[in-house]
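Student: The structure that follows is given in the form of structure tokens.
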Amino acid sequence: MLGLKLLTDPRWANIAEGNLEEILTDHAWCEQKAASNAISLIMYNSEHEELVHELTAIAIEEMQHFQMVIDIIKARGYTLGKERKDDYVGQLMKFNKKDGSRNMAFIDRLLFAAMIEARSCERFRVLSQNIKDEELAKFYHDLMVSEANHYTTFLNFARQFSTDVDVDKRWKEWLDFEGKLIQSYGTKEAIHG
């Protein structure tokens, strides 16, 4: 469904489960950044009423996920660590086209968001199917469904609002780039690491 070129090795879940405080902290900040990204897209594209409505709902949902992760951290006696740089997202950001029309930049930003949601969805699936902690396995299964919906929303908006971009061709380029990029990740207690 997601079209990702390389799936995460299930053993990554063992790495994540080996330091739950670290993976939960990283996850919390990923949710906050996802909310911020949705808000940024709204700010720069407010003329699209449907997009504003849908991305407002996504931003709220992402902040609710942030709160849920914070609650898990607290309930387990962990501490929310400092926000950390997400190298994977930084590399994806460099792939965004910035030299073209305003519409091209808009479409690429939507595809960037779709890519992050797709990989997050896939990683949550791996966690839900491979960690021994039943509470977290269910939690990550529920979030996997949510991320899949966000992925679809961003990809559909890219198709809807494109005026000068072959979205399917550009999405294939994103998938190819991400397939090569992700080969360098999957060894750390980080959602995209």
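Read-outs throughout are calculated quantities, based only on the coordinates presented, and are distinct from any laboratory measurement. What you are looking at is a predicted structure, and each value in this text was computed from that prediction instead of being measured. We place every Cβ from the backbone using ideal geometry, glycine too, and count neighbours over all the protein chains shown.
Student: What do you get for the angle between helix 167-181 and the principal long axis of the chain? Use alpha-carbon atoms, 0 to 90 degrees, nearest ten.
Tutor: The angle comes out at about 40 degrees.
Student: Once fully extended, how much extra length lies between residue 93 and residue 173, figured as 0.36 nm per residue of separation less the alpha-carbon to alpha-carbon distance?
Tutor: 27.4 nm
Student: Here's a follow-up. Using alpha carbons only, how many degrees (0 to 90, rounded to 10) separate the axis of helix 20-44 from the longest principal axis of the chain?
Tutor: Computed tilt is about 20 degrees.
Student: If I stretch the segment between residue 39 and residue 160 completely, what's the gain in nm (0.36 nm per residue apart, minus their alpha carbon distance), one decimal?
Tutor: The span from residue 39 to residue 160 would gain 41.7 nm if fully extended.
Student: Diagonalise the Cα gyration tensor of region 18-147 and give the resulting equivalent ellipsoid semi-axes, square root of 5 times each eigenvalue, largest first, whole Å.
Tutor: Listed largest to smallest, the semi-axes of region 18-147 are 29, 15, 14 Å.
Student: Can you put 187, 79, 153 in order, fewest other beta carbons within 10 Å first?
Tutor: 79, 187, 153
Student: Taking the Cα centre of region 1-99 as origin, sum charge times position over the Cβ atoms of Lys and Arg (+1) and Asp and Glu (-1), and report the length of that vector in debye to the nearest 20.
Tutor: Its charge dipole is roughly 420 debye.
Student: Here's another thing I want to ask about it. Given 97/180; 74/94; 132/172; 82/180, which pairs have Cα atoms separated by over 25 Å?
Tutor: Among 97/180; 74/94; 132/172; 82/180, the Cα-Cα distance tops 25 Å for 74/94; 132/172; 82/180.
Student: Roughly how many Å is it from the Cα centre of region 7-24 to that of region 130-170, as a whole number?
Tutor: Spelled out, the Cα-based centre of one part sits 20 Å from the other.
Student: Exposed loop GluC sites (Glu not before Pro) only (DSSP loop, at most 16 other Cβ atoms within 10 Å): please give the longest stretch of the chain free of them, not including the sites.
Tutor: In the chain, the maximal stretch lacking such sites is 84-193.
Student: Further question: With n ≥ 4 as the cut-off for DSSP H runs, can you work out [θ] at 222 nm for the chain, using -39500 (n - 2.57) per run divided by the number of residues, rounded to the nearest 500?
Tutor: Here the helix-only value at 222 nm equals -25000 deg cm²/dmol.
Student: Among 7, 44, 185, whose Cα sits farthest toward the positive end of the charge dipole of the chain (+1 at Cβ of Lys/Arg, -1 at Cβ of Asp/Glu, about the Cα centre)?
Tutor: 185
Student: Angle check, please: helix 49-75 long axis (alpha carbons) against the longest principal axis of the chain (alpha carbons), in degrees 0 to 90, nearest 10.
Tutor: Between helix and principal axis, roughly 10 degrees.
Student: Here's something else I'd like to know. Under a point-charge model restricted to the Cβ atoms of Lys and Arg (+1) and Asp and Glu (-1), what is the dipole moment magnitude of the chain relative to its Cα centre, in debye to the nearest 20?
Tutor: Once rounded to the nearest 20, the dipole reads 540 debye.
Student: With each pseudo-label sitting 7 Å past Cα toward Cβ, what's the residue 56-residue 145 distance in nm, one decimal?
Tutor: It works out to 2.6 nm between the two label points.
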